[in-house]
Amino acid sequence: MAAVKLLFLVNPGWFFESHRLPLALAAKEAGYEVHLALPGDPVTEAVTEAGFNIHVIPMTRQGASLKSEIRSLWEIYKLYKKIRPEIVHHVTIKPVLYGSLVARLLKIPAVVNAFSGLGHVFIAKGWKAGIRRFLISFGYKVAFKHPNCIGIVQNLDDERVLQSYNVLTSAQTVLIKGSGVDLSKYDVVPEPEGKPVVTLASRLIAEKGINEFIAAARIVKGARFMLVGDVDEGNPSALREDEIRQWEKLGLIDWLGFSKDINSTFKNSSIVVLPSYREGLPKVLIEALACGRPIVTTDTAGCREMIDFNDPNGILVPVKDVIDLAGSIQKLVNDREKRVSMGLSGRKWAEKNFAIETVLADTLDVYTKLVDHEAKL
């Protein structure tokens with residue numbers, strides 16, 4: 001019996017490696033013939049040496065031009081027609097919209113559309129954002145008209161929003177808590193001696209709460225603030241390198257750039273902060289919990305799921321509330337014992353909720369059910 005063909009369409013390519021590579025490896029191990037359709041950004045050895053069938057699809061993160069978008073659609077169409085996968089797994093907005101349309105046209109048997117958060121479009125204000133939200137939600141509705149399609153969401157808030165826009169039905173929805181982490185790769189070690197280190201690690205865009213983090217750094221006493229991540233070129237809300245350099249020059253932060261070893265980064269941290277405006281389920285906070293570090297994050301979709309309210313592992317603050325953010329960080333800076341106890345609670349919360357084995361098993365189960373459902377049609 002021929003192996004079931006599974007094709008991932010993901011944009012950008014780095015997101016596949018950071019969030020979906022373990023899933024693709026697990027699918028390959030389970031006997032699937034795995035294909036990757038990625039844009040032309042650099043693909044690392046970890047991906048190229050894994051034995052996948054890799055296809056380059058021209059696709060930008062933003063809408064560069066009508067001509068480039070039509071080209072992306074056409075190339076996806078040609079690829080799907082050539083490979084004829086039994087399952088396509090779309091991740092991020094454009095793959096969901098374009099890939100689902102092509103899957104319907106070509107009658108691809110099964111579709112998985114994964115939402116890694118709803119992003120800026122569902123929280124932005126103003127008439128332009130409203131129009132874009134309407135168009136994308138309409139596109140999502142079209143995407144989910146496929147007769148054998150599942151939508152994977154990472155938190156209940158996103159599920160409610162998508163169902164309120166009539167994008168998904170409850171029968172089409174599966175809740176899987178993020179991409180998970182391999183807990184065996186994260187060590188719980190005592191925090192370093194000396195001045196507490198407060199770390200924010202993320203893409204450097206406004207929606208991650210970077211400006212609020214910097215404002216808190218101006219207020220909090222007795223701590224060192226560390227910013228980890230690259231400038232997100234091509235993102236309209238990306239911070240400028242010159243302003244980050246200025247914050248560093250003023251002594252507000254140390255900027256480390258991108259970290260290839262977040263485990264080591266968090267070992268050298270005392271508190272991990274993410275004052276994001278909205279998330280799917282932030283992997284970076286799962287990694288912080290896995291390292292036994294207390295977190296300070298916002299009371300919003302995706303972030304509040306990081307907190308164990310029965311055995312506190314961190315502190316929730318309102319979105320964009322600098323005073324509350326600074327006050328919460330200061331409390332932890334002043335109380336090492338509290339940091340240690342919250343950190344240990346966080347590791348237990350990660351083990352209970354975010355082990356990668358659970359995420360992989362649940363997603364492979366989605367594939368199996370879709371294939372079985374198609375066989376009955």
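A few notes on this one:
Okay, residues lined up against (1) of a type in the set (Gly, Ala, Ser); (2) out of contact with any strand residue (DSSP E or B) (no Cβ under 6 Å at 6 or more places or on another chain); (3) surrounded by fewer than 18 Cβ atoms within 10 Å (Cβ to Cβ):
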residue	(1), (2), (3)
270	yes, no, no
280	yes, yes, no
290	yes, no, no
334	no, yes, yes
339	no, yes, no
348	no, yes, yes
351	no, yes, yes
372	no, yes, yes
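- Scanning the stretch 208-247 for residues that are more than 22 Å from residue 264 (Cα to Cα) and of a type in the set (Asp, Glu) yields 212, 232, 233, 241, 242, 243.
- Members of the stretch 81-98 that are touching a strand residue (DSSP E or B) at 6+ places or on another chain (Cβ under 7 Å) and part of a helix (DSSP H, G or I): 83, 95, 96
- Single residue of the stretch 139-188 satisfying the filter (touching a Phe, Trp or Tyr at 6+ places or on another chain (Cβ under 8 Å) and among the basic types (Lys, Arg)) that is surrounded by the most Cβ atoms within 10 Å (Cβ to Cβ): 177
- Residues in the stretch 172-203 that are at pLDDT 95 or above, in a strand (DSSP E or B) and of a type outside the set (Ser, Thr, Tyr): 174, 175, 197, 198, 200, 201.
- Across the stretch 307-319, the qualifying residues are those that are touching a strand residue (DSSP E or B) at 6+ places or on another chain (Cβ under 8 Å) and buried (at least 16 other Cβ atoms within 10 Å of the Cβ), and the one among them that is farthest from residue 293 (Cα to Cα) is 319.
- The residues on offer are 304, 278, 293, and the sole one that is charged (D, E, K, R), touching a helix residue (DSSP H, G or I) at 6+ places or on another chain (Cβ under 9 Å) and without any contact (Cβ under 8 Å) to a residue 24 or more places away in the chain is 304.
- As for the stretch 170-181, it holds no residue that is over 23 Å from residue 115 (Cβ atoms) and in contact with a helix residue (DSSP H, G or I) (Cβ under 7 Å, 6 or more places away or on another chain).
- Among the residues making up the stretch 320-332, a single one is touching a Lys or Arg at 6+ places or on another chain (Cβ under 8 Å) and surrounded by fewer than 17 Cβ atoms within 10 Å (Cβ to Cβ): 331.
- Pairs with Cβ under 6 Å, 6+ apart, first in the stretch 90-113 and over 11 Å from residue 143 (Cβ atoms), second surrounded by fewer than 22 Cβ atoms within 10 Å (Cβ to Cβ) and among the aromatic types (Phe, Trp, Tyr): 106/80
- Qualifying residue in the stretch 18-26 (condition: under 26 Å from residue 281 (Cβ atoms), in contact with a Pro (Cβ under 7 Å, 6 or more places away or on another chain) and of a type outside the set (Ser, Thr, Tyr)): no
- Residues of the stretch 278-287 classified as over 10 Å from residue 178 (Cα atoms) and at pLDDT 95 or above, total: 3
The values are calculated or read from the model by the stated rules, or taken from the named source; none is laboratory data. If you're wondering where the values come from, they're calculated on a predicted model, not measured in any experiment. No Cβ is skipped: glycine too gets one built from the backbone with ideal geometry, and neighbour counts run over all protein chains shown.
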